[in-house]
There are 2 protein chains.
Amino acid sequence: MSRKKTGLIFICSFIFSLNLSAQNKLSQYVDPIIGSDAHGHVFVGANVPFGAVQLGPTNIFEGWDWCSGYHYSSNTIVGFTHTHLSGTGIGDLNDVLVMPATGKVQLDKGTKTDQKNGYVSTFSHANEIAKPGYYSVILDKYKIKAELTASERVGFHRYTFPAKQDNPHVMLDLSDGIGWDKPVETYIKQVNSTTLVGYRLSTGWAKDQRLYFAVKLSQPLSSMSLYDSTQVTKGMEGKGRKMKAVLNFKAIAQNVLQMKVGISPVSYENALANITAEIPAWDFAKVVASADVKWNKELAKIQIEGSKETKKVFYTALYHTMIAPTLFNDANGDYRGTDKKVYHKPGFDNYTTFSLWDTYRAFHPLYTIIHPDKVSDIISSFLAIYKQQGKLPVWHLMGNETNTMIGYHAVPIIADAYLKGYRNYDVELAYQAIKNSAMQKEDGIEYAQKLKYIPADKVNEAVAKGLEYAIDDWCIARMAKAMHKEEDYVYFSKRAKLYAEYFDPQVEFMRGKLADGSWRKPFDPVASKHREDDYTEGNAWQYTWLVPQDPEGLIHLFGGEAGFTRKLDSLFSISSVVEAGGSPDISGLIGQYAQGNEPNHHTPYLYAYAGKPWKTAQVVRQITDSLYTSKPDGLCGNEDLGQMSSWYVFSALGFYPVNPANGEYVFGSPLVDHAVINLPGAKKFELKVIGNSPKNKYIQKAILNGKPYTKNYLRHAAIVAGGELTLYMGDQPSATWGVNLEDRPKSAGAK
Amino acid sequence: MSRKKTGLIFICSFIFSLNLSAQNKLSQYVDPIIGSDAHGHVFVGANVPFGAVQLGPTNIFEGWDWCSGYHYSSNTIVGFTHTHLSGTGIGDLNDVLVMPATGKVQLDKGTKTDQKNGYVSTFSHANEIAKPGYYSVILDKYKIKAELTASERVGFHRYTFPAKQDNPHVMLDLSDGIGWDKPVETYIKQVNSTTLVGYRLSTGWAKDQRLYFAVKLSQPLSSMSLYDSTQVTKGMEGKGRKMKAVLNFKAIAQNVLQMKVGISPVSYENALANITAEIPAWDFAKVVASADVKWNKELAKIQIEGSKETKKVFYTALYHTMIAPTLFNDANGDYRGTDKKVYHKPGFDNYTTFSLWDTYRAFHPLYTIIHPDKVSDIISSFLAIYKQQGKLPVWHLMGNETNTMIGYHAVPIIADAYLKGYRNYDVELAYQAIKNSAMQKEDGIEYAQKLKYIPADKVNEAVAKGLEYAIDDWCIARMAKAMHKEEDYVYFSKRAKLYAEYFDPQVEFMRGKLADGSWRKPFDPVASKHREDDYTEGNAWQYTWLVPQDPEGLIHLFGGEAGFTRKLDSLFSISSVVEAGGSPDISGLIGQYAQGNEPNHHTPYLYAYAGKPWKTAQVVRQITDSLYTSKPDGLCGNEDLGQMSSWYVFSALGFYPVNPANGEYVFGSPLVDHAVINLPGAKKFELKVIGNSPKNKYIQKAILNGKPYTKNYLRHAAIVAGGELTLYMGDQPSATWGVNLEDRPKSAGAK
């Protein structure tokens, strides 16, 4: 498979053997509104897969649930902006706000505080259309219909003004970001009557954000007024902390004003060039159609049959796995590094928006199946960051390390890719980088280096860190072994076993151990204090299972299958009451199992390691039936840039990567009746599910490529080779299928 | 002076000898918008002085600056509600939201989260009128003109619909409170086609709020739909957590719909009776005029001459001193106590909304001058609370003790009133209550009881508590002495001196002293950690001066006048940089002096005790000139229910009650050119300021009732006796006036 050298990554390097007629377009099943209510925090607006631009409406910010700028409970729009996060627990971005308007220019004088949401309009969901690559809404206040679409690096606006226009104008506002984001320096310059350029330097969750932009207008403006806060400034350009420009038009020709806004991490010259490269013409409908084609190409990588509801939830989930990572370069390949230097022609597409603590679990394994063309570029982006900031990314955003969450989870992603045969990056550098991650002298990693547990009275969130590090270390060991670094293999294999240090056999929970060797008291397995206890956004019930790299070892700690199974049953059946003041991320509860947060995600599949696959099937169906719906509040916790949806995509297909890097997918209970995973080179992996129904949730037998298949897991190699798997479902647990010791999944992973 | 026995307290018990013609109506100078931007947090809407109803617009809640429900930076209105706080640092209330609308009923289905601000409309300040007792605005979304006015317990709405009406209706919404307030149980019942009743029980800052209401419509509704969240419920009544009613009208007669909404803390029967008692007719203009008369009667208690700007700032400040306390009873005198029992005919007007940590300093002393009819009722309300909850109020709201802030500051208010001759309450009970306050065994008070300092490693905010308690204890001593309780006098006088325990002569600051007698290290006099250090919303620079009960003693700690003056000069001249993460209440800085928070307020006047009255004049003029303006952001910190404005009212008149209970007002520098304080019985105290100007800020000499007056303070008795004071101003400090030891103010107070 060849890697493209240009920035235009959406010219897919393999062609699907599909008929993408309007009728069976899969984008019809996607509803971007799903997850925009409750705490899903998804982006709503127009973008293309992995696009640098997410062009969408921004509400008045009302708190945590506005991390993406939009929440379904709001009826306000302050403008349309070009960058948004999707599903995070912290808000940021919101660059280059555009708001069309009529009437008097609304910038209040007489007060030091500028009007925060001066152009805000209400809207109604009844007047709103959201679909992949297209968003439209009617602004109540101005009676303007706003339509948005996008290419990778350009937002395209079409505003239909009312027939009678009173002082039509457009507000271009660089002041307010979402939540945490504040402007540092902003700049607007009018180049000519149809072109403006500028930049917005801001600080927020990501400390040093630099976004350059260029605006092209479909008709000449009649005049422009520049404001810094509420002070009007003279001339054709202005620099200040909160620059705004009012673009005035004598009249809007045929009532339709169009705008193209290119963005760039490098320069406004590049932003202009991005417009020329991606959307040279003024054909709005064509760009909408092109965005739809891009989405359908990606969505068609998995074709499923199932109920309409399943299809809506599934394809929206699949769509949500492609909002991030986002391109962080220009059409010509230029990008700005974490060191703030500009890099030309690096030979890969540079990406950003990496929420690795979340996404290493299932999102990146999914990419190794359906986005083989992205995997190496993502690792190359990691390695560039490594060279620029001295360590692999943790939670990387717009060329900034935010150091959010715990662990060094670039490691499992790199190891998984390597072990699955991906090599199109500097392999030796990659190994050096992952090993360096594990040799940092901070955050308790120094204890793991001495093969010791992390004392809970010395290090915050010690248990969660100890458990996550052991997972990452297992991955290093495996990569070391594959690279014939035997000494490292032995050393990191020992570190991978350190999870056992946190297990208290008296109470049968993972819990904080103090420097003197005693357990932390008092101990309450449901207690949680957000980011200030021995766990990370969770409690002992939720963290005790976090040993995906060695479930057999965990079973052993419980004294064997019986004790392990009993305790795991309790997890799903005890009261869901969590302590007041606990982490808000503990959500989507079944018993004390929290689907709403990531460290839990593999847990339902652990029954398989104890020879009880039907129990996994029961729980997985309970989760898919009750915690994923097609309603606006259809996600039970933060989407977290695709991990919550990746869990669903895998689980709906019937299997899940418990171990994030051993190439083994453990069976659960498929929701689909039929699925085709389209692979490069016209290969396909076909899944047939016979007799599936809400009651028939238990796998009875399997046929793989014509032969009986008794393993309770599927190998990555078997999928990507193409082939056909048939699963036969029944309404009773099978006493034999997948149960025998030799058929259970293994920590060591498939060969 | 006789105390009225009815709830209608605004029939003033003395008549002013004034001509209240339209031309010289003082309400013309009031701009309720002042203080609604930045962090003033004032209420904007229609009310009468001390009214239980504050009927005004509520914006979408965007955070701390929306404590009152309205912030100038917002352009949204979610509805008009009947209760609002003014100037607090915590949000609450927002009962009985009314929103007129046209078009489709907007209650979204298909999601568990109800649309929070479903009827939100934008508005423009250009279409907004706010004046005492009247508020109007045009709702952009519906083209409806909303006008509001009020009596004490009734809100009066007038909505002018557009000529072409599409499904005119009114949303009556009991769901969302402001910020902290959440509904517990709500109820709506249609009694007949023009009458509805109900209640809203909610919890927030005040834990158990019970508000009953009645609605009268000017025309019959055609139908009503009831909703609990988004589920429509059948019938004429409904109970639920978040009840909403849609009131439908076939057409709005003459396009004008009027509504009267009575509220009651007792029952909806009483709420209905309040409407009958206060606004029996449908004459909106008459109620507006009546509210204006009520405001003008109160405002006319102080008539000033000065610049237009001074008048605007002064009368708006005076207006802000009469938003709270608020009536918490019915027109028939009934009220609901802190014990939730209903009390009938208690013999006084029961009040709520007491922010005593703020208001004991200058607000209540101001009341002893201009609201003699209120003082005893306020104390009677305190004593009722004492009987019902076992202690005097701390921060009391809607029949709930919130226990916000520190100290037992009902004490100075009661002592000041007693010492000034107010007796119309149970005096022995009052003394028992204030003494009990000082004998509580908590919050470090137990250390003061043993005549010991409060150890900073045992009690949070130990220094602030120690200083505030010493002030309160001084007041108890003085009241004890006046009541011939000699033993208590001696004991509490000792406690009043405990402030000196916190003074470290090495660094010359008040600072935290640990249980072992050592000072807390490290020490940084500008450091502050909001509500988690040795101070309360302040730092060592700000708290070191908090000895208003004994400035001579404080001067002594500094080794005398020279050292004291030098340090006080530094306060106003050093850098205003405060530590990042410090208290947001540290605002309005001049040096490290913070006009934005109350513990500082007396500080500029301390120069007088060291014989440097001109330095007080300089600082006071700097504050009044730079930190109080007539713009929306004209307040430099939370208004705090009148204390921020009381400081201005006193300072503009030229004097200030440094000691909150010794009947002595220390001179500063008058802003007014002339003032008349109108007193009961047609008495007046007239202030003439000769030669006043921005440059002529120094008092040169004074004539009181025809005789030379050399004291640098004015006695309360001299003011309330009526009389005439002439101050002669000059542009240079006077070397003689008010400087001599015998002319300086004294801790002991005026006899």
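Within region B:210-227, track down each residue that is more than 29 Å from the chain's Cα centre (by Cα), over 19 Å from B:Ala150 (Cα atoms), surrounded by 19 or more Cβ atoms within 10 Å (Cβ to Cβ) and not hydroxyl-bearing (Ser, Thr, Tyr).
Answer for region B:210-227, where residues must be more than 29 Å from the chain's Cα centre (by Cα), over 19 Å from B:Ala150 (Cα atoms), surrounded by 19 or more Cβ atoms within 10 Å (Cβ to Cβ) and not hydroxyl-bearing (Ser, Thr, Tyr): B:Leu221, B:Met224, B:Leu226.
Just so you know, in region B:75-95 the residues that are of a type in the set (A, V, I, L, M, F, W, C) and within 12 Å of chain A (Cβ to nearest Cβ) include one that is farthest from B:Pro632 (Cα to Cα), and it is B:Val78. From the list B:Thr616, B:Thr629, the lone residue that is surrounded by 22 or more Cβ atoms within 10 Å (Cβ to Cβ) and either at pLDDT 95 or above or not assigned by TED's automatic domain parsing to the domain that holds B:Asp534 (or both) is B:Thr616.
Given the criterion touching a residue at least 60 places away in the same chain (Cβ under 8 Å) and over 16 Å from B:Tyr665 (Cα atoms), identify the matching residue among B:Tyr698, B:Tyr728. Explain how you work it out, then say what you get.
Values: B:Tyr728 fails: touching a residue at least 60 places away in the same chain (Cβ under 8 Å).
Just a single option satisfies the conditions, and that option is B:Tyr698.
Take the residues of region B:292-315 that are among the acidic types (Asp, Glu) and assigned to a helix (DSSP H, G or I): which is least open to solvent (accessible area, probe 1.4 Å)? The selected residue is B:Glu298. Taken over region A:339-375, the criterion of being outside any loop (DSSP other than H, G, I, E, B) and either among the charged types (D, E, K, R) or modelled with pLDDT under 95 (or both) is satisfied by A:Asp358, A:Asp373, A:Lys374. Selection of region A:143-188 for residues being modelled with pLDDT of 95 or more and among the hydroxyl-bearing types (Ser, Thr, Tyr) yields A:Thr149, A:Ser151, A:Tyr159, A:Thr160, A:Thr186, A:Tyr187. Checked against (1) free of Cβ contacts under 8 Å to residues at least 60 places away in the same chain; (2) part of a strand (DSSP E or B); (3) open to solvent by less than 60 Å² (accessible area, probe 1.4 Å), A:Gly235 meets all criteria but (2). Evaluation of B:His320 against the conditions (1) buried (at least 19 other Cβ atoms within 10 Å of the Cβ); (2) in the same structural domain as B:Ala52 (by TED's automatic domain parsing) shows that the sole unmet condition is (2). Total residues in region A:541-563 satisfying the condition of being under 19 Å from A:Glu664 (Cα atoms) and in a helix (DSSP H, G or I): the figure is 5.
Among the residues of region A:528-540, is there at least one that is open to solvent by 60 Å² or more (accessible area, probe 1.4 Å), among the acidic types (Asp, Glu), assigned by TED's automatic domain parsing to the domain that holds A:Tyr447 and modelled with pLDDT under 95? Within region A:528-540, one or more residues are open to solvent by 60 Å² or more (accessible area, probe 1.4 Å), among the acidic types (Asp, Glu), assigned by TED's automatic domain parsing to the domain that holds A:Tyr447 and modelled with pLDDT under 95. B:Ala101 meets each of the listed conditions (1) surrounded by fewer than 20 Cβ atoms within 10 Å (Cβ to Cβ); (2) at pLDDT 95 or above; (3) within 14 Å of chain A (Cβ to nearest Cβ) apart from (1).
In region A:564-575, is there at least one residue being outside any helix (DSSP H, G or I) and surrounded by 24 or more Cβ atoms within 10 Å (Cβ to Cβ)? So far as region A:564-575 goes, no, none of its residues is outside any helix (DSSP H, G or I) and surrounded by 24 or more Cβ atoms within 10 Å (Cβ to Cβ).
Condition check for A:Asp108 on (1) at pLDDT 95 or above; (2) open to solvent by 30 Å² or more (accessible area, probe 1.4 Å); (3) assigned to a loop (DSSP other than H, G, I, E, B): one failure, at (1). Here region B:62-74 is the region considered, the condition is being of a type outside the set (A, V, I, L, M, F, W, C), open to solvent by less than 10 Å² (accessible area, probe 1.4 Å) and closer than 14 Å to B:Asp37 by Cβ, and the residue that is nearest to the other protein chains (Cβ to nearest Cβ) is B:Ser73. When B:Gln643 is evaluated against the numbered criteria (1) assigned to a helix (DSSP H, G or I); (2) touching a residue at least 40 places away in the same chain (Cβ under 8 Å); (3) within 14 Å of another protein chain (Cβ to nearest Cβ), which criterion, by number, is the only one it fails? Evaluating B:Gln643 over (1) assigned to a helix (DSSP H, G or I); (2) touching a residue at least 40 places away in the same chain (Cβ under 8 Å); (3) within 14 Å of another protein chain (Cβ to nearest Cβ) leaves (3) as the failure. In summary, A:Tyr142 fulfils each of the numbered conditions (1) open to solvent by 20 Å² or more (accessible area, probe 1.4 Å); (2) within 13 Å of another protein chain (Cβ to nearest Cβ); (3) touching a residue at least 24 places away in the same chain (Cβ under 8 Å) with the single exception of condition (1).
Among the residues that make up region B:490-507, is at least one of them without any contact (Cβ under 8 Å) to a residue 40 or more places away in the chain, in a loop (DSSP other than H, G, I, E, B) and farther than 29 Å from B:Ala477 by Cα? Taking every residue of region B:490-507 in turn, at least one turns out to be without any contact (Cβ under 8 Å) to a residue 40 or more places away in the chain, in a loop (DSSP other than H, G, I, E, B) and farther than 29 Å from B:Ala477 by Cα. Contact map, region B:46-72: residues that are under 19 Å from B:Gly333 (Cα atoms) paired with residues that are among the small types (Gly, Ala, Ser) and open to solvent by 10 Å² or more (accessible area, probe 1.4 Å), Cβ distance under 9 Å, separation 6+ or inter-chain. Pairs shown: B:Val48/B:Ser290.
Would you tally the residues in region B:445-484 being surrounded by fewer than 20 Cβ atoms within 10 Å (Cβ to Cβ) and either aromatic (Phe, Trp, Tyr) or in a helix (DSSP H, G or I) (or both)? Counting residues in region B:445-484 that are surrounded by fewer than 20 Cβ atoms within 10 Å (Cβ to Cβ) and either aromatic (Phe, Trp, Tyr) or in a helix (DSSP H, G or I) (or both) gives 4.
Residues in region B:371-385 that are within 22 Å of B:Leu679 (Cα to Cα) and touching a helix residue (DSSP H, G or I) at 6+ places or on another chain (Cβ under 7 Å): B:Pro372, B:Lys374, B:Val375, B:Ile379. In region A:383-430, the qualifying residues are those that are out of contact with any strand residue (DSSP E or B) (no Cβ under 6 Å at 6 or more places or on another chain) and of a type in the set (Ser, Thr, Tyr), and the one that is surrounded by the most Cβ atoms within 10 Å (Cβ to Cβ) is A:Tyr408.
The values are calculated or read from the model by the stated rules, or taken from the named source; none is laboratory data. As the structure is a prediction and not an experimental result, all values here were calculated from the model. Here the Cβ is made from the backbone with ideal geometry for all residues, glycine too, and neighbour counts use every protein chain on show. Accessible surface areas use protein heavy atoms only, side chains included; no ligands, DNA or RNA. Shrake-Rupley method; radii C 1.70, N 1.55, O 1.52, S 1.80 Å.
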